[in-house]
Amino acid sequence: MTDGVVSTEVLDDAIIIRPGAVLDNTNAHEMANAITTAQAGDFRNIIVDMAELTLISSAGVGSILGTVESVREGGGDIVLCQVPPNIKHVLDVLDLSEYLTIMGSMSDAVSSCRVAG
Amino acid sequence: MPVDMSRAPVVTVPANTTKDSISALTSEVESVLRSSTRQLRLDCSELQRTTSTHIRAIIIVWQHCCANNVTLSLESMSANLVRVLRVLDLHELLTRDKLAKPTDRTLQDDSPSTLDPITMTFKAASEAILPANQKFTQYLLDLGLKESTATELQVVFHEIVSNIVDHSEAASRSDIVFTAEPSRASLKMTFTDSGQPFDMTQIPDCDDLIALSRPGAIRGYGIAMIRRLTHAQDYHRDHDGNNTLTLHRNWKTKL
């Protein structure tokens, strides 16, 4: 297990944020900053690629919960994709799966952003 | 298998829905239902400020879907809308189709196949968190727990240990002593440290993360998560300044 390093990639008109293997209090602020920076850069829809994620803490969840309303009020959304089954299970138990937008693959997420964009 | 809703038609509830315009929404829904779809997605993203008319519109759409045996998925709900639906006791009803799928956790028995206890002692320091977490996760898997159950407990462990480390003083890092004692009924987890006292059981009872969410608020969800992922919590501080937090996770009770 490695520390989570938040990285950002622009793919056409979508922006993809990757939190790394761990999303907890060590990188939650970095994650939230990446989201607000993307929003400030006129990316309405923000894709969070969770493919590498093995552990999410309350601060990790908070980095998304604390930013999603603002993104939605701006007419966009935070789209989680490639969510590993165990992370999805945690989101299910926390009753967040319906509240947050979760897509299966990266291509689904990119497509949904184009449709919504 | 869960229902794949990704290709289902989408109908949006407009923010400016009025009593008079509900009929237009209903007509749109009926039109979609006539296409023989088995699923319908109701986009609620415009409902940032929820009114009684919005709720009425959602219920009417839900009624039409029920009457046509169509699975309805409420999507992009704002925190405000979720809160209102929960206060009105409608949230579970309106999202019941999803909750009733075969993955329903109420039907699961999460008990382990072996009952070996473990004690771990490690520094209350940030660099010790992930190695300890890895060791605990491997222990849970060695017990024969399902991976999903192990993940839940891994999250709890990480949450508690991170919190102890956050509240310990760098100059006097104490040890954290952790024990896990599984039985046929439950897992008892005990965390002992000598840092600052913090009694989570005294924090007002709220386990709804969406209700707690606020723009810009990254922290403040930990206790709600622990309450969601365990069945009982107890805190004690002794005369020597040692904090003991005990958590119980039952194997056969719904989280």
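The values are calculated or read from the model by the stated rules, or taken from the named source; none is laboratory data. The structure displayed is predicted, hence computed values, not measured ones. In this analysis, Cβ positions are derived from the backbone assuming ideal geometry, glycine residues included, and neighbour counts consider all displayed protein chains.
Please go through segment B:203-255 and pick out each residue that is of a type in the set (A, V, I, L, M, F, W, C) and out of contact with any helix residue (DSSP H, G or I) (no Cβ under 9 Å at 6 or more places or on another chain).
So the first thing to find is which residues in segment B:203-255 are of a type in the set (A, V, I, L, M, F, W, C), and the list is B:203, B:206, B:209-212, B:217-218, B:223-226, B:229, B:232, B:245, B:247, B:251, B:255.
The one that is of a type in the set (A, V, I, L, M, F, W, C) and out of contact with any helix residue (DSSP H, G or I) (no Cβ under 9 Å at 6 or more places or on another chain): B:ALA232.
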Item checked: Subset of segment A:99-117 that is at the interface with chain B (Cβ under 8 Å from one of its Cβ atoms) and surrounded by 21 or more Cβ atoms within 10 Å (Cβ to Cβ) - its residue that is farthest from the chain's Cα centre (by Cα) -> A:TYR99
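Answer yes or no as to whether B:VAL155 is within 22 Å of the chain's Cα centre (by Cα), surrounded by 17 or more Cβ atoms within 10 Å (Cβ to Cβ), at pLDDT 90 or above and closer than 21 Å to B:LEU245 by Cβ. Outline the logic, then answer.
Values: within 22 Å of the chain's Cα centre (by Cα): yes; surrounded by 17 or more Cβ atoms within 10 Å (Cβ to Cβ): yes; at pLDDT 90 or above: yes; closer than 21 Å to B:LEU245 by Cβ: yes.
In short, yes.
Considering each of A:ALA14, A:ALA38 in turn, give the residue that is surrounded by 20 or more Cβ atoms within 10 Å (Cβ to Cβ), out of contact with any helix residue (DSSP H, G or I) (no Cβ under 7 Å at 6 or more places or on another chain), more than 30 Å from B:LYS254 (Cβ to Cβ) and not charged (D, E, K, R). Before you say what the answer is, go through the steps one by one.
Numbers: A:ALA14 fails: out of contact with any helix residue (DSSP H, G or I) (no Cβ under 7 Å at 6 or more places or on another chain).
Matching residue, one of A:ALA14, A:ALA38: A:ALA38.
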Item checked: Set B:ILE226, B:ILE176, B:ILE203: member being without any contact (Cβ under 8 Å) to a residue 60 or more places away in the chain and within 30 Å of A:VAL68 (Cα to Cα) -> B:ILE203
Check: How many residues are assigned to a helix (DSSP H, G or I) and among the polar types (S, T, N, Q) when one looks only at segment B:5-31?
Finding: 4
Margin query: Looking only at segment B:8-50, count every residue that is more than 17 Å from B:LEU94 (Cα to Cα), in contact with a Pro (Cβ under 8 Å, 6 or more places away or on another chain) and surrounded by 15 or more Cβ atoms within 10 Å (Cβ to Cβ) and tell me the total.
Written below: 4
Check: So which residues in segment B:176-227 are touching a strand residue (DSSP E or B) at 6+ places or on another chain (Cβ under 8 Å), among the hydrophobic types (A, V, I, L, M, F, W, C) and exposed (fewer than 15 other Cβ atoms within 10 Å of the Cβ), if there are any at all?
Finding: B:ALA185
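Across segment B:139-162, what is the number of residues that are more than 20 Å from B:TYR235 (Cβ to Cβ), part of a helix (DSSP H, G or I) and within 11 Å of chain A (Cβ to nearest Cβ)? Before the answer, list the steps.
Residues of segment B:139-162 that are more than 20 Å from B:TYR235 (Cβ to Cβ), as a first pass: B:139-152, B:154.
Of the ones still in play, those that are also part of a helix (DSSP H, G or I) are B:139-142, B:147-152, B:154.
Next cut, within 11 Å of chain A (Cβ to nearest Cβ) only: B:147-152, B:154.
Here the count works out to 7.
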Margin query: Being closer than 13 Å to A:ILE16 by Cα and free of Cβ contacts under 8 Å to residues at least 24 places away in the same chain is the requirement here; does A:SER97 meet it?
Written below: no
Check: Residues in segment A:69-83: is at least one surrounded by fewer than 20 Cβ atoms within 10 Å (Cβ to Cβ), within 13 Å of the chain's Cα centre (by Cα) and of a type in the set (Ser, Thr, Tyr)?
Finding: no
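Of the residues in segment B:51-87, how many are basic (Lys, Arg) and surrounded by fewer than 16 Cβ atoms within 10 Å (Cβ to Cβ)? If you could, list the steps in order and put the result at the bottom.
Filtering segment B:51-87 for residues basic (Lys, Arg) gives B:56, B:83, B:86.
If we keep only those that are surrounded by fewer than 16 Cβ atoms within 10 Å (Cβ to Cβ) as well, we get B:56, B:86.
Summing the residues that are basic (Lys, Arg) and surrounded by fewer than 16 Cβ atoms within 10 Å (Cβ to Cβ) in segment B:51-87 gives 2.
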Checklist line | Top-ranked residue in segment A:98-117 [being more than 15 Å from A:GLY60 (Cβ to Cβ) and part of a loop (DSSP other than H, G, I, E, B); ranked as modelled with the lowest pLDDT] | finding: A:GLY117
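State yes or no: is B:LEU94 buried (at least 18 other Cβ atoms within 10 Å of the Cβ) and modelled with pLDDT under 95? Show your work before the answer.
Numbers: buried (at least 18 other Cβ atoms within 10 Å of the Cβ): yes; modelled with pLDDT under 95: yes.
The answer is yes for B:LEU94.
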